[in-house]
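The structure appears right after this line, and notes come after that.
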């Protein structure tokens, strides 16, 4: 079997459009001992966002990164790619390497291999850069639980609070997410659509303008249309109905606030929750996967302003 047939390739748009399907396929490919590659990375924030979720073995850069003069987009991509490669050992491959100038730029971006007219066609004879792909990059273990609260509370104590404190904590996390960089993903589960009220909608819409992907989940949430935000409805029988989660996943900031409704309190802001906060990257990645695994029929927003 050649290297190409052993590799499952993910394109950035496919994860954004169908996260549940793609994450399931990636897990299946891992179970089959196939390598995971992400293609066309670097020019769109979404392509950088999916790296910590998938932890690919191979990162193929978009040709624009090697063909164009350095700019802010390339600089941001370089920082994200360097962090991902350092964290996981992923191999970076430059595409569009058609000249020595392109090759020099690719090396500056941290690429170890290149694809393009500068290189002669490779023969498929079983030989290839296998030695650099021996170490696994999948450092975050799979989790059988589909409950972010169960994931986040494993191994650490939880606390009990009213909703009023959790709202303030959520606002603080949202503020940090807005400043975390354009490659950041933010996910929220709000139990019911009516709890994603106008003040929260306005905050999340502002935040969505600063990050790559913003998704919300709850009963009847698919009917909520907010520019820049992907919405998906939850089945009323899903255990996630009992949870309120804010998950932020970026290369340089990650956090999860996960709370479980205790079903008592004398007012809306007096509702009581058991909650936990974690900044552990592996925990946040698992929580993000747990939420995204439910995004089968999400409503994708228009990017136009209201």
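Values as computed for the structure displayed
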{"item": "Residue, farthest from residue 168 (Cα to Cα), within the range 241-253, restricted to residues that are surrounded by 22 or more Cβ atoms within 10 Å (Cβ to Cβ) and at pLDDT below 95", "result": "251"}
{"item": "Within the range 264-306, tally of residues that are at pLDDT below 90, in contact with a strand residue (DSSP E or B) (Cβ under 8 Å, 6 or more places away or on another chain) and outside any strand (DSSP E or B)", "result": "11"}
{"item": "Tally of residues being over 14 Å from residue 8 (Cβ atoms) and either without any contact (Cβ under 8 Å) to a residue 12 or more places away in the chain or not in a helix (DSSP H, G or I) (or both) across the range 31-58", "result": "5"}
{"item": "Filter result for the condition that a residue is touching a strand residue (DSSP E or B) at 6+ places or on another chain (Cβ under 7 Å), part of a loop (DSSP other than H, G, I, E, B), on the phi < 0 side of the Ramachandran plot and not assigned by TED's automatic domain parsing to the domain that holds residue 46, over 186, 211, 241, 226", "result": "211"}
{"item": "Residue check, residue 229 closer than 11 Å to residue 190 by Cα and buried (at least 19 other Cβ atoms within 10 Å of the Cβ)", "result": "no"}
{"item": "Residues that are out of contact with any helix residue (DSSP H, G or I) (no Cβ under 6 Å at 6 or more places or on another chain) and crowded, with 24+ Cβ neighbours inside 10 Å, drawn from the range 53-70", "result": "56, 59, 61"}
{"item": "Residue that is surrounded by the fewest Cβ atoms within 10 Å (Cβ to Cβ), among those in the range 120-149 that are modelled with pLDDT of 75 or more and touching a helix residue (DSSP H, G or I) at 6+ places or on another chain (Cβ under 9 Å)", "result": "145"}
{"item": "Condition check for residue 64: outside the structural domain of residue 180 (by TED's automatic domain parsing), free of Cβ contacts under 8 Å to residues at least 60 places away in the same chain and part of a helix (DSSP H, G or I)", "result": "yes"}
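The values are calculated or read from the model by the stated rules, or taken from the named source; none is laboratory data. These figures come from a predicted structure and were not determined experimentally. Because the Cβ atoms are built from the backbone with ideal geometry, glycine has one as well, and the counts that use them run over all protein chains shown.
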